[in-house]
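Visitor: One structure, as structure tokens, below. Some questions next.
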Amino acid sequence: MKKVVKFGGSSLASSEQFKKVGKIIRADESRMFVVPSAPGKRFSNDTKVTDMLYSCYGAAIREKKFVEQLDEIHARYQEIIDGLGLTLSLEKDFEIIRENFSKKIGRDYAASRGEYLNGKVMAAYLGFEFIDAAEVIRFHDDHTFDEDATNVLLAERLKDSKGAVIPGFYGAAENGTVVTFSRGGSDVTGSLVALAVKADLYENWTDVSGFLIADPRIVKNPKSIETITYKELRELSYMGASVLHEDAIFPVRKAGIPINIRNTNAPEDKGTLIVEGTCRQPKYTITGIAGTDGFASVTIEKAMMNSEIGFCRKVLQVFEDNDISIEHMPSGIDTMTIFVHKDEFEEKEQQVLAGIHKTINPDHIELESDLALIAIVGRGMRATRGTAGRIFSALAHAHINVKMIDQGSSELNIIVGVRHDDFKNAIRALYEIFVVTQI
Ligand code: ADP
Ligand code: ASP
Ligand code: MG
């Protein structure tokens, strides 16, 4: 049995947190490959080391003083080293970092040092081998990710290892230039390592007991999801449930390796298992609810539009010509509505309206902004009648006006559009009806 274990920033924010992590790893000898993030927040208005590094490097490239900021970062690691009773010194590493910052070596390099240094501390603490991700995670010269080279390098380097720490978030191009994934990218590194070593399980340890049915910042103490499929997870992640980096799914999914989201602060909880398929019946009709704010809608009215051949195509062409992506498009007999991202649309609004007037000569166009979309996702909905009805009644009871409802053809999700002001209450009302009362 081989497991890859990735620990997020809050799991490694202090020596206290490191001790919990050490206990978890030592409790199971199959936890052989460890992927750490940089130290995260210790309390809610604390700053993540990654953000400290970005800001410190920002000062360096503006040729402002940055050494003090670098010393503050060093102090974060020193607290961990001292708290764990290690003799490790990062003095030399910080000297090199200081020189490289002065040379303006690159923003990605700067950010990557958070994981690099935490990996060194972690390896010293566990007595595991430290492997610099720059040697095994490969990017092309144009800084896009090189999947094939990475898999070969990782598999070769790890094949005889009995315990290794590979820092998350970064790698390097062939010429040595350090490149990072996008924010939250340590999840991706964990997944790549799991694929390369053909792990039985990829454990992703964070600060919540798994993927929760709704965002814990909106719903108080939401229940966690026991088992979720990759498809369901994609729908929820796309709509803003951001527990796992979107790209972390693909490598393990291809190899059929399940992901288990676990809580470092409550290791006895089983967390959430993410799988390709399951015959386990979900506990509730829905698996999860997620939503995103910041949409606008364009409603076009024209009598008999349905019988006009090519009508939709002409409308969509206007959006395409203006380089605007469309999120949803519910339609009636004489109306169609197009949901777009507000930020993207706002700048080009007048061009789009002029384009629509010119191409299809509508009777009326109505614009609405400050909309939110909520996805209600669940493989269980296919076998249950009346889900849309329950959604309507839950929202009506909460005095929320439904601007749109759209059922995906996979019957895996229903998307509801509401006003921005109703966004949080709508999520709470949906959670209440599907999970708390289950009527
Ligand atoms: P890490 O630093 O361990 O990678 P993240 O901050 O990236 O952790 O992800 C975990 C956070 O995601 C949680 O603390 C929580 O605030 C947030 N979150 C948003 N939606 C959900 C959800 N549906 N389930 C669980 N957590 C969620
Ligand atoms: N430390 C990086 C970030 O804050 C990567 C990660 O935590 O996964 O985005
Ligand atoms: Mg994360």
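Visitor: Taking residue 256 as the residue in question, decide whether it is more than 16 Å from ligand 3 (Cβ to nearest atom), over 15 Å from the mean Cα position of the chain (by Cα), closer than 30 Å to residue 333 by Cβ and surrounded by fewer than 19 Cβ atoms within 10 Å (Cβ to Cβ). Please lay out each step first, then the result.
Guide: Values: more than 16 Å from ligand 3 (Cβ to nearest atom): yes; over 15 Å from the mean Cα position of the chain (by Cα): yes; closer than 30 Å to residue 333 by Cβ: no; surrounded by fewer than 19 Cβ atoms within 10 Å (Cβ to Cβ): yes.
No.
Visitor: Regarding residue 25, is this residue closer than 20 Å to residue 187 by Cβ, more than 16 Å from ligand 2 (Cβ to nearest atom) and β-branched (Val, Ile, Thr)?
Guide: On the way: closer than 20 Å to residue 187 by Cβ: yes; more than 16 Å from ligand 2 (Cβ to nearest atom): yes; β-branched (Val, Ile, Thr): yes.
In short, yes.
Visitor: Within the range 111-128, is there a residue that is under 21 Å from residue 48 (Cα atoms) and in a loop (DSSP other than H, G, I, E, B)?
Guide: no
Visitor: Quick check: anything in the range 29-37 within 14 Å of ligand 2 (Cβ to nearest atom), under 17 Å from residue 74 (Cβ atoms) and either in contact (Cβ under 8 Å) with a residue 12 or more places away in the chain or touching a Ser or Thr at 6+ places or on another chain (Cβ under 6 Å) (or both)?
Guide: no
Visitor: Within the range 218-323, considering only strands (runs of 3 or more DSSP E) that don't extend past its boundaries, which have at least 1 residues that are in contact (Cβ under 8 Å) with a residue 24 or more places away in the chain and within 16 Å of ligand 2 (Cβ to nearest atom)?
Guide: Working: elements: 227-229, 259-263, 272-275, 288-301.
In the range 218-323, the matching strands (runs of 3 or more DSSP E) lie at 259-263.
Visitor: Looking for whichever is within 16 Å of ligand 3 (Cβ to nearest atom), open to solvent by 80 Å² or more (accessible area, probe 1.4 Å) and either touching a residue at least 24 places away in the same chain (Cβ under 8 Å) or not small (Gly, Ala, Ser) (or both) here; the options are 41, 19, 64, 6. Which one fits? Break it down into steps so the answer makes sense when it comes.
Guide: Numbers: 19 fails: within 16 Å of ligand 3 (Cβ to nearest atom); 64 fails: within 16 Å of ligand 3 (Cβ to nearest atom); 6 fails: open to solvent by 80 Å² or more (accessible area, probe 1.4 Å).
Matching residue, one of 41, 19, 64, 6: 41.
Visitor: Which of the strands (runs of 3 or more DSSP E) contained wholly in the range 325-439 include at least 1 residues that are out of contact with any strand residue (DSSP E or B) (no Cβ under 6 Å at 6 or more places or on another chain) and over 15 Å from residue 296 (Cβ atoms)? Steps first, answer last, please.
Guide: Working: elements: 326-328, 335-341, 364-377, 404-407, 413-419.
Fully inside the range 325-439 and qualifying: nothing.
Visitor: Is it true that residue 133 is surrounded by 18 or more Cβ atoms within 10 Å (Cβ to Cβ), modelled with pLDDT of 95 or more and farther than 19 Å from residue 246 by Cα? Steps first, please.
Guide: On the way: surrounded by 18 or more Cβ atoms within 10 Å (Cβ to Cβ): yes; modelled with pLDDT of 95 or more: yes; farther than 19 Å from residue 246 by Cα: yes.
Here the answer is yes, as residue 133 does meet what is asked.
Visitor: Let me ask something additional. From the list 163, 210, 171, which one is in contact with a strand residue (DSSP E or B) (Cβ under 8 Å, 6 or more places away or on another chain) and under 19 Å from residue 275 (Cα atoms)? Walk me through it before giving the result.
Guide: Numbers: 163 fails: under 19 Å from residue 275 (Cα atoms); 171 fails: under 19 Å from residue 275 (Cα atoms).
Just one listed residue meets the conditions, 210.
Visitor: Sort out which residues of the range 34-87 are β-branched (Val, Ile, Thr) and in a helix (DSSP H, G or I), and write them in order of number. Steps first, answer last, please.
Guide: Quick first cut of the range 34-87, residues β-branched (Val, Ile, Thr) only: 34-35, 47, 49-50, 61, 67, 73, 80-81, 87.
If the condition is that a residue be β-branched (Val, Ile, Thr) and in a helix (DSSP H, G or I), then 49, 50, 61, 67, 73, 80, 81 are the ones that fit.
Visitor: Limited to the range 291-327, what total is found for residues that are closer than 30 Å to residue 424 by Cβ and of a type in the set (Gly, Ala, Ser)?
Guide: Result for the range 291-327: 5.
Visitor: Let me ask something else. If I filter the range 36-45 for residues that are away from ligand 1 (no atom under 16 Å from the Cβ) and among the hydroxyl-bearing types (Ser, Thr, Tyr), do I get at least one hit?
Guide: Here is the first cut: in the range 36-45, the residues away from ligand 1 (no atom under 16 Å from the Cβ) are none.
No, every residue in the range 36-45 fails to be away from ligand 1 (no atom under 16 Å from the Cβ) and among the hydroxyl-bearing types (Ser, Thr, Tyr).
Visitor: Whether any residue in the range 98-108 is outside any helix (DSSP H, G or I), open to solvent by less than 30 Å² (accessible area, probe 1.4 Å), more than 16 Å from ligand 1 (Cβ to nearest atom) and more than 24 Å from residue 76 (Cβ to Cβ) is what I want to check.
Guide: So the first thing to find is which residues in the range 98-108 are outside any helix (DSSP H, G or I), and the list is 103-106.
Among the residues that remain, those that are also open to solvent by less than 30 Å² (accessible area, probe 1.4 Å) are: 106.
With the extra rule that they be more than 16 Å from ligand 1 (Cβ to nearest atom), the set shrinks to 106.
Filter once more, keeping what is more than 24 Å from residue 76 (Cβ to Cβ): none.
Among the residues of the range 98-108, not one is outside any helix (DSSP H, G or I), open to solvent by less than 30 Å² (accessible area, probe 1.4 Å), more than 16 Å from ligand 1 (Cβ to nearest atom) and more than 24 Å from residue 76 (Cβ to Cβ), which makes the answer no.
Visitor: Tell me whether the range 147-155 contains one or more residues that are within 16 Å of ligand 3 (Cβ to nearest atom) and touching a residue at least 12 places away in the same chain (Cβ under 8 Å).
Guide: First, the residues of the range 147-155 that are within 16 Å of ligand 3 (Cβ to nearest atom): none.
No: zero hits.
The values are calculated or read from the model by the stated rules, or taken from the named source; none is laboratory data. What you see is a predicted model; the values in this text were computed from it and never measured. Counting neighbours? That spans all protein chains shown, and the Cβs are built from the backbone with ideal geometry, glycine included. Side chains are part of the model used for accessible areas, which takes the heavy atoms of the whole protein and leaves out ligands, DNA and RNA. Shrake-Rupley method; radii C 1.70, N 1.55, O 1.52, S 1.80 Å.
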